[in-house]
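Shown next, in structure tokens, is the structure this report addresses.
Each reported figure results from applying straightforward, stated rules to the coordinates on display, with no laboratory input. Fair warning: this is a prediction, and the values are worked out from it, not measured in the lab. Cβ atoms come from the backbone with ideal geometry, glycine included; neighbour counts cover every protein chain shown.
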Amino acid sequence: MLQEVNKVMITDLVDQFCAYYENHPTKRVLYYRDKYGDNRQPNVKNSFSCNNQAIEHFKTKGWKVETRSHKGMEPPQHDKYLLWMNILKANDPRFPKAIFNGKNCKYTLISMNNTNVIERNGKFDKDKNSERNNKILPEEATHFSDAVDKRIWTEYGKTLYSYSSTYVEPRL
């Protein structure tokens, strides 16, 4: 049952994406997969992971899919915070410039702005209490900021440490 619900949601999301970008000339998508989307349904034979369902549906819609993934464990929130700090300063050519579409990324921006940073054991951490707060809409909790973190870390996390001679651990 859950697999069918996931399939409908994934199909709808891919359909919405394809409709929004129908005039895009290359019909090429970079798909950032993670371990949660690669999980299969337990006790279901021949089940496809959510990632594989999405990728296959993109292909049936005529899109070329290039996958990206972060190998290994999730990086610490502290490291993701430092990466974002460098990106948002926008003064270091080693890091990308981040521009958000305020109209179409409304909830991503709300989620990022609503995400509190706390200090634990001398490191930055993300306060994820909003995910358990029934008074906060799920799309305004930290979920969307987590998605952006994943995308940015997968592509640019290595840049944070590639110039170790210029990297200085901040003091709290």
For Tyr31, which sequence-distant residues (separation of 5 or more, or a different chain) have an amide H within less than 5 Å of its own amide H, given hydrogens modelled in the peptide plane? Glu66, Thr67, Arg68
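How long is the gain from Glu56 to Asn101 if the chain were fully straight, where each residue apart is worth 0.36 nm and the alpha carbon distance is subtracted?
13.5 nm
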Quotient of Cα radius of gyration and Kirkwood radius for segment 61-158, i.e. Rg/Rh, equals 0.99
Quick query: amide H of Lys128 versus all other amide H atoms, modeled in the peptide plane; which residues come in under 5 Å with a sequence gap of 5 or more or a different chain? none
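Given R₀ = 45 Å, what would the calculated FRET efficiency be for Thr11 paired with Asp125, taking r from the Cβ atoms and rounding to 0.05? Mind showing how you got there, number by number?
Values: r = 36 Å, r/R0 = 0.80.
Computed FRET efficiency for Thr11 and Asp125 comes out at 0.80.
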Mean projection of the alpha-carbon convex hull of the chain over all orientations, in nm²? 12.8 nm²
